[in-house]
Amino acid sequence: FRHPPLPPPPPPGPKDPKFVSNFVSTTKYTALSFVPMNLFLQFHRFSNCYFLVIAILASIPSISPVGGLTFWFPLAIVITLTAIKDGMEDYRRHQSDVEENNRQTEVLNHQTGEFEAVPWKDVTVGSIVRVTTLDD
């Protein structure tokens with residue numbers, strides 16, 4: 001087998017700001033943005049907007065013979081259950097992201113000339129990665 005010479009090692013120092021990291025994040029929400037963003041996305045559905053308008057109109061005593069609670073309660077239940085479902089899906093995406101970011105791969109260490117196990121999130125532009133038939 002022929003072994004070509006290794007490329008020169010990257011210069012020491014901070015990561016190059018021109019390139020993004022290899023960190024994967026597919027979640028929609030953060031802890032602070034969950035409630036406002038989830039409500040925003042839920043009220044983009046026509047049915048939720050329709051029932052919101054009906055609940056507001058039913059809450060006005062001069063134009064509605066029934067109390068507004070009759071319409072607010074089902075709307076609140078639907079919104080709450082959908083928010084719980086969305087939160088659980090986003091948490092599963094977060095767990096999958098953590099698993100993928102911490103998956104090990106082999107990257108060449110230029111100082112030693114040996115391949116080292118490194119998490120995927122720490123792979124940078126210019127890293128030499130060993131790919132085997134067992135890798136996904």
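The values are calculated or read from the model by the stated rules, or taken from the named source; none is laboratory data. Computed from a predicted structure; not experimentally measured. All Cβ positions, even for glycine, are placed from backbone atoms using ideal geometry, and neighbour counts span all protein chains on display. Ligands, DNA and RNA are excluded from the accessible area calculation, which covers all protein heavy atoms including side chains. Shrake-Rupley method; radii C 1.70, N 1.55, O 1.52, S 1.80 Å.
Setting aside same-chain residues fewer than 8 positions from residue 18, which lysines have a Cα under 27 Å from its Cα?
28, 121
Helix 46-58: angle to the longest alpha-carbon principal axis of the chain, degrees 0 to 90, nearest 10?
Helix 46-58 sits at roughly 30 degrees to that axis.
Report the paramagnetic label zone for residue 81: residues of segment 21-41 whose backbone N is under 11 Å from a point 7 Å from Cα along the Cα-to-Cβ axis.
No residue qualifies, since no backbone N sits under 11 Å from the label point.
Percent of Cα-Cα pairs per 5 Å bin, from 0 to the last occupied bin, for the chain, please list those.
2, 8, 12, 12, 11, 9, 8, 7, 6, 6, 5, 5, 4, 3, 2, 1, 0, 0
Would you grab the residues whose amide H sits under 5 Å from the one on residue 105? Only those 5+ places off in sequence or on another chain, please, with H modelled 1.01 Å from N.
118, 120
Counting only residues 5 or more places away or on other chains, whose amide H sits under 5 Å from the amide H of residue 115 once H atoms are built in the peptide plane?
Distant-sequence amide H within range of residue 115: 109.
Note the angle between two axes, namely the Cα long axis of helix 69-101 and the longest principal axis of the Cα atoms of the chain, as a number of degrees from 0 to 90, rounded to the nearest 10.
Long axis of 69-101 versus the principal axis of the chain: about 0 degrees.
Carbon and sulfur together cover what percent of the accessible area of the chain at a 1.4 Å probe radius?
That fraction is 67 percent.
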